[in-house]
């Protein structure tokens, strides 16, 4: 599907933990934001990366995932300090995340805490959720970042611990590989969970017509006559 934005921002976050209340993640804070810019399907060097002081403790469960300690975050800026820079970075773009319900919910919650008048990110940017795309393409299979890296041959040897910037880089590669052949989706066969991807460029090529020569026609007739005589012999036997 063609969109009005040629600029996409791939975002990943790390947090102090998780606590989902009324379908929104609350009572925990963002401690790292990593973002990668894609323009016209090319990854640029214009990145956004911040560690944040959450002014609360990182849970033991979260620390095991990302390895970011309370002492490391002590002198880092708070979300309010980087808010304007972050909004200016993502505006006029599409946002690509792996699990919109997690990343965007956390970002909206942080923004709401400092600016009640600000609209949700989904109101100012179109959201592309690669987890939803992956579940449509690979129903019933694992579709986490590690599984997709393996499926799309994206090297992730450095991913011993989660890192927002590194994970956004991996997701950028996955997104580009996941969508590079998708021109149209044909639902005419009404097959559940099956995407028939059509590359329009294939239909622009003219097929070369090869005509049979007189010699080839004569050999074909000779072959058919031999086959006819062979079957007659089998019938007589």
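A few points about this structure:
- Taken as a whole, the structure leaves residue 51 outside the set of residues that are at pLDDT below 90 and closer than 22 Å to residue 166 by Cβ.
- Looking across 144, 126, one residue alone is over 28 Å from residue 60 (Cα atoms), under 15 Å from the mean Cα position of the chain (by Cα) and surrounded by fewer than 17 Cβ atoms within 10 Å (Cβ to Cβ). It is 126.
- Hey, residue 74 out of contact with any strand residue (DSSP E or B) (no Cβ under 8 Å at 6 or more places or on another chain) and either crowded, with 19+ Cβ neighbours inside 10 Å or over 14 Å from residue 52 (Cβ atoms) (or both) or not: no
- Any hit, segment 154-171, residues being surrounded by fewer than 12 Cβ atoms within 10 Å (Cβ to Cβ), under 21 Å from the mean Cα position of the chain (by Cα), on the phi > 0 side of the Ramachandran plot and modelled with pLDDT of 80 or more: no
- Qualifying residue in segment 87-95 (condition: in a strand (DSSP E or B), modelled with pLDDT of 90 or more, within 17 Å of the chain's Cα centre (by Cα) and farther than 26 Å from residue 17 by Cα): yes
- In the set (1) surrounded by 16 or more Cβ atoms within 10 Å (Cβ to Cβ); (2) part of a loop (DSSP other than H, G, I, E, B), residue 105 fails one condition alone, (2).
- Taking the numbered list (1) buried (at least 19 other Cβ atoms within 10 Å of the Cβ); (2) at pLDDT 95 or above; (3) over 16 Å from residue 18 (Cβ atoms) in turn, residue 121 passes all entries but (2).
- In segment 120-135, the residues that are in a helix (DSSP H, G or I), under 22 Å from residue 92 (Cα atoms) and out of contact with any strand residue (DSSP E or B) (no Cβ under 9 Å at 6 or more places or on another chain): 123, 124
- Being surrounded by 12 or more Cβ atoms within 10 Å (Cβ to Cβ), within 18 Å of residue 179 (Cα to Cα), in contact with a helix residue (DSSP H, G or I) (Cβ under 9 Å, 6 or more places away or on another chain) and in contact (Cβ under 8 Å) with a residue 40 or more places away in the chain holds for only one residue in 137, 131, and it is 137.
- Among (1) at pLDDT 95 or above; (2) farther than 20 Å from residue 168 by Cβ; (3) not in a helix (DSSP H, G or I), the one test that residue 81 misses: (3)
The values are calculated or read from the model by the stated rules, or taken from the named source; none is laboratory data. Please read these numbers as outputs of a predicted model, since none were measured by experiment. As a convention, Cβ positions derive from the backbone with ideal geometry for all residues, glycine included, and neighbour counts pool all protein chains shown.
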